[in-house]
Amino acid sequence: MHEQEVRSPVRRPRMTPDRASELLDVTLDVLREVGYGALSMDLIAARGHCSKATIYRQWGSKAQMVAAAVAALRPGGSVGGDTGSLRGDLLLLFEQLGSRADKDTTIIAALHHALLTDAKLAAAFRVSMLEPARKELAGIVERATLRQELPGRPGAVQFLPHLVWSALVARPFFEGVTADAEFLEQFVDDVILPALLHS
């Protein structure tokens, strides 16, 4: 009896970080062009010169891939930092977010309807983008409390993510321009700081 030949399973090479980043960039480009509804894995695969199966192995679904692509817009590590004051921390955070406001606003506009109607996308977006931002903002308030700039955790802190979001996203719709450094500094001084200090 001949020994049965045992074949090892074919091992597909893992996607490199650079290749994954490249495909996420492609995803954002397509998203800006066609919106979330018309975006498809076939379109991303064609534009990214890879198979649809490769994309599904890496991200699992369209919603997960888009959420990963949006999350990749965030700078490495945490945004913001400890400047030694509440105002300084807020200004640093807005400076970093404002530097990407033009691109980020375009992406949010492309996703807006889908975030309201696609539960999977909304859930993935909250995990990859909103929850990290919420933790970073909570850290700013916690440091200010430890420095005794705030007497305690202000009631307005629960609305801080909403305020930051509105500052960055709403201005283009109201005024037709993105949130620049001057606008964001005024927003910090006239809206956020009063809300935190007097609540």
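Using a 1.4 Å probe on the protein heavy atoms, what percent of the accessible area of the chain belongs to carbon and sulfur? The nonpolar share, carbon plus sulfur, comes to 54 percent.
Could I have the simple spin-label model distance between Arg32 and Lys52, label points 7 Å from Cα toward Cβ, reported in nm to one decimal? Result: 2.6 nm between the two label points. Peptide packing: for 84-97, 168-181, 134-147, the average count of neighbouring Cβ atoms within 10 Å per residue gives the ranking 84-97, 134-147, 168-181, highest mean first. Computed log10 I(q)/I(0) for the chain at 0.17 Å⁻¹: -1.13, from the Debye equation with unit scatterers placed on every C-alpha and solvent omitted. Treating the angle as unsigned and between 0 and 90°, give the value, to the nearest 10°, between the Cα long axis of helix 101-117 and the longest Cα principal axis of the chain. Helix 101-117 sits roughly 70 degrees off the main axis of the chain. Quick check: Cα centre of segment 12-69 to Cα centre of segment 109-159, how many Å? Result: 26 Å between the Cα centres.
Between Asp189 and His112, the simple label model (points 7 Å from Cα in the Cβ direction) yields a spacing of 2.9 nm. Between 0 and 90 degrees, the angle of helix 160-175 with respect to the longest Cα principal axis of the chain falls at about 90 degrees.
Note that segment 117-173 presents 57 Å² accessible area per residue, ligands and nucleic acids not counted, probe 1.4 Å. Modelled spin labels at Ser85 and Thr16, positioned 7 Å past Cα toward Cβ, are 4.7 nm from each other.
A Förster distance of 25 Å, applied to the separation of the beta-carbon atoms of Thr145 and Asp25, puts the FRET efficiency at 0.05.
Each of Leu31, Gln158, Ile107 was scored by the projection of its Cα onto the charge dipole of the chain, and the greatest displacement toward the positive side belongs to Leu31; charges sit on the C-beta of Lys, Arg, Asp and Glu. Taking 0.36 nm per residue of separation and subtracting the current Cα-Cα distance, fully stretching the chain between Phe174 and Ala119 would add 17.0 nm.
The values are calculated or read from the model by the stated rules, or taken from the named source; none is laboratory data. Bear in mind the structure is a predicted one, so any value in this text is a computation, not a measurement. Glycine gets a Cβ as well: all are built from the backbone with ideal geometry, and neighbour counts include every protein chain shown. Surface accessibility is based on the protein's heavy atoms, side chains included, excluding ligands, DNA and RNA. Shrake-Rupley method; radii C 1.70, N 1.55, O 1.52, S 1.80 Å.
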